[in-house]
Structure formats: C-alpha cells, structure tokens
Amino acid sequence: RKEVEQDPGPFNVPEGATVAFNCTYSNSASQSFFWYRQDCRKEPKLLMSVYSSGNEDGRFTAQLNRASQYISLLIRDSKLSDSATYLCVVNNQGGKLIFGQGTELSVKP
Amino acid sequence: GAVVSQHPSRVICKSGTSVKIECRSLDFQATTMFWYRQFPKKSLMLMATSNEGSKATYEQGVEKDKFLINHASLTLSTLTVTSAHPEDSSFYICSARLNTNTEAFFGQGTRLTVV
C-alpha cells in the first residue's frame, strides 16, 4: 500500500463547479499535512496547510480526519486558472514529505 | 514566503558526463534540504535528504555514488548526477524547510536531458 494515496484523475469540470479531492495516508504517526498545486512543468507550490480543525482560504477548504487518516480538499466556484495537478503531502517522522501521486484537474469554460 | 532558488533550470548533456545542480535558500538557513525526482505524469519521488555538514541520507534504491549530494553551507546544497545516462533524464527538484513541521519551499526544478 502506498503511503499517500489520492483519487485517480483527471477531473474534468465546468467553470463554477465544486470539486472535491480525497487523500488517505497509511502512517498514523504522520505529523502535518499539506495540499500543493503543481502546474505543468513547474515546481509544486503550497496551496494550504491542513489542520485538524479544518481550514478555509477563499474558495478552498481543507479537512483532516486523523482517526480515518483522511484528508480532503474542496474547491468551490472553480475557475479556469484552477486547472493544475493537486498533490496531497504528508509529513512523516524525521521531517520527510511524502507526496501522493497527484490528481489532475481540468476546468473547462 | 521563503525563497529557494535552483540552477540551472534546464540542461542537456552527453552520456557519460556529469551534471551539477545547485539549490540555494535565499532568505533563510536550511540545515536540511531534500532532493526529488519527477517523471512525466508522476509524483515527486524523494531521492535523498541533504544535511548540512554531514552525509546525505539516501532513500532505498537511490545510488549514492550516482547521485552525489553535498551540503557545504546552510544555504547551499548541490546534487551531481555522475556519468549520466539517458535514463537519468528527468525533472529534479530541491526543497528546503524552516523546520521539520512547516511547509516546504521548492526550487524551480531542473529539467535534465541526457543525449
């Protein structure tokens, strides 16, 4: 089993749609969690950290369920510019960041 | 946010030559940096953890003699791909963190093509 697993993609959605990405992790000792965004042929960039209480940043909402070892990202009112690959990232002991395989999102007009 | 600079962004080299990639943290001191490799349509694969002043820690399956890592100062780590072969062609990305629980900042990546 992979340490971090994400929904298979791609997700093709119309502008304005709400889309949700899911991610599970296998190491219960994982300490912190992030969502990154990666555009084609570019480096990953932090979208948001994920906290146990859940957190929201504009159209983006992240949730963490430690008991189920599950992380989610919700994007509301999708924009064309949201098209990218979204990476679920888990921080394990020793400070290693483990990346999920990524979920590709394509927002169409 | 913190800035990590990676150089070069793109390199084409001949088989058998060595290529050095630099990763600098521009506005903070990074005792630890990480090197990743990414194949097309795949996720980032951690290659090694670069520790300032000591030997790098390599992930299973990564050849330490092939991928030499040097972390000579708190702001610079280098990855040297030695005796490069076409199968080493890939996107190499470094990252640095302020501490072990904060987010990572990534360099711009280096696209290596070995011909």
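The table below gives the values:
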item: Under 11 Å, Cβ to Cβ, from residue A:78 - net charge with Lys/Arg +1 and Asp/Glu -1; result: +1
item: Karplus (6.51, -1.76, 1.60) ³J(HN,Hα), θ = phi - 60°, over region B:7-13, in Hz, Gly and Pro reported as x; result: 8, x, 7, 8, 8, 10, 9
item: Relative contact order (%) - criterion: Cα under 8 Å, at least six apart; region: chain A; result: 37 percent
item: Rounded if a/c under 1.5, otherwise prolate or oblate - region A:60-107, Cα gyration tensor axes; result: oblate
item: Sorted peptide list for B:20-26, B:65-71, criterion being average Cβ within 10 angstrom, highest first; result: B:20-26, B:65-71
item: Integer Hz, Karplus 6.51/-1.76/1.60 couplings in order for region A:22-37, x for Gly and Pro; result: 10, 8, 10, 10, 9, 8, 5, 8, 4, 10, 8, 9, 9, 10, 10, 10
item: Using θ = phi - 60° and Karplus 6.51 cos²θ - 1.76 cosθ + 1.60, couplings along region B:65-73 (whole Hz; Gly, Pro as x); result: 7, 8, 10, 8, 10, 10, 10, 7, 9
item: Qualifying lysines (Cα of each under 23 Å from Cα of residue B:41; at least 8 residues distant if same chain); result: A:2, A:42, A:45, A:79, A:96, A:108
item: Within straight-line cross-link reach of residue B:66, aspartates and glutamates at Cα separation under 13 Å, skipping those fewer than 8 residues along the same chain; result: B:87, B:88
item: Cysteines in chain A that, by Cβ-Cβ distance, have no pairing candidate under 4.7 Å; result: A:40
item: Whole-Å semi-axes of the ellipsoid equivalent to chain B (Cα gyration tensor, √5λ, descending); result: 22, 14, 13
item: Kirkwood Rh and Cα Rg combined as Rg over Rh, evaluated for the protein assembly as shown; result: 0.98
item: Residue order, fewest to most surrounding Cβ atoms within 10 angstrom, among B:58, B:36; result: B:58, B:36
item: Between region A:14-89 and region B:23-75, the alpha-carbon center distance in angstrom; result: 25 Å
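Only the coordinates and a few stated rules stand behind these numbers; no lab work does. Since the structure is predicted, the reported quantities are computational estimates derived from the model, not experimental observations. Cβ: placed from backbone, ideal geometry, glycine included. Neighbour counts: every protein chain shown.
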